[in-house]
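Report on the following structure.
The values are calculated or read from the model by the stated rules, or taken from the named source; none is laboratory data. Just so it is clear, the structure is predicted and the values come from calculations on it, not from any experiment. FYI the Cβ positions are ideal-geometry reconstructions off the backbone, even for glycines, and counts take in every protein chain you see. Note: accessible area is taken over every heavy atom of the protein model, side chains too, but ligands, DNA and RNA are not part of it. Shrake-Rupley method; radii C 1.70, N 1.55, O 1.52, S 1.80 Å.
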Amino acid sequence: RACISLIFISFMLFLLGVLDDKFKISEIEKLFFQLFLCIFAVLIDENLIINSIKFSNGYEIHLFKLAIIFTILCFLIFINAFNMFDGINNQASIYIFILCGYFLYKVPNLYLIYMIIIANSLFFYLNSQNKLFLGDNGSLLIGYIFANLLTKSHNLEKGVFADEILIIMFFPVMDLLRLFFKRVILNKHPFSGDVNHLHHRLKKN
């Protein structure tokens with residue numbers, strides 16, 4: 001069931017990205033569809049539910065009835081943070097290498113990571129040559145895959161801890177939260193597009 005869940009949800013998010021790239025689905029509709037898929041994912045794969053937050057110092061916070069809500073929120077944040085982080089050539093690809101390096105150190109027997117590294121190496125080259133881009137379909141797909149792997153590795157005590165996840169997610173998530181609150185303060189739609197992303201600032205420099 002876990003494997004079927006990963007493949008099915010990944011495919012549906014990929015399809016959502018394809019439709020968005022082609023027809024420009026509204027941000028609210030995309031978020032609603034992502035929410036539906038995340039709820040479906042945790043309902044068919046209980047190993048995805050974060051019942052407690054484990055830290056590398058041994059401290060643990062039990063979530064009890066908030067477990068499912070917190071899990072879905074984590075998935076939505078990571079998926080959309082990764083999606084927004086993809087802006088200039090090789091930025092997302094480099095971040096994928098960082099995530100893969102973390103998994104190689106923490107969970108070296110996770111063979112899916114080796115497949116991702118090979119695919120990402122090819123993508124890195126083609127992306128640097130302006131011949132291939134992730135688009136919403138690629139970023140939503142990869143965002144979910146890593147959210148799934150991080151969550152499950154944390155839950156199944158594979159040596160992946162919450163504080164470590166926060167560190168490797170810092171830049172994409174901080175960029176997401178920064179833009180969200182900035183748009184709210186400026187009375188703009190929190191999910192509207194603009195040119196104030198981290199990659200836009202890097203490109204200017």
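Counting heavy atoms of the protein chains only and a 1.4 Å probe, report the per residue accessible area for the chain as a whole number of Å².
57
Using a Förster radius of 22 Å, what is the FRET efficiency between Lys131 and Ile94 based on their Cβ-Cβ separation? Nearest 0.05, please.
Rounded to the nearest 0.05, the efficiency is 0.80.
Rounded if a/c is under 1.5, else prolate if a/b beats b/c, else oblate: with a ≥ b ≥ c from the C-alpha gyration tensor eigenvalues square-rooted, which is the chain?
rounded
If I model a spin label as a point 7 Å beyond the Cα along the Cα-Cβ vector, how far apart are those points for Ala2 and Asn51 in nm?
With each label point 7 Å from Cα toward Cβ, the separation is 1.4 nm.
Can you count the Lys pairs in the chain whose Cα atoms are under 17 Å apart, with each pair 8 or more apart or on different chains?
Counting lysine pairs in the chain gives 7.
Obtain the nm distance between the two label points defined at Glu164 and Phe181 by a simple spin-label model: each point lies 7 Å from its Cα along the Cα-to-C-beta direction.
Taking the two extended label points, one gets 2.8 nm.
I'd like to know which of Ile61, Leu179, Tyr114 lies farthest towards the positive end of the charge dipole of the chain, counting +1 on Cβ of Lys and Arg and -1 on Cβ of Asp and Glu.
Farthest towards the positive pole: Leu179.
Taking the simple approach of a point 7 Å from Cα along Cα-to-Cβ for both Glu27 and Leu110, what is their distance in nm?
Label-label distance for Glu27 and Leu110, simple model: 3.0 nm.
Using the Cα centre of the chain as origin and beta-carbon charges of +1 (Lys, Arg) and -1 (Asp, Glu), tell me which of Ile7, Val18, Gln34 is placed farthest towards the positive end of the dipole.
Val18
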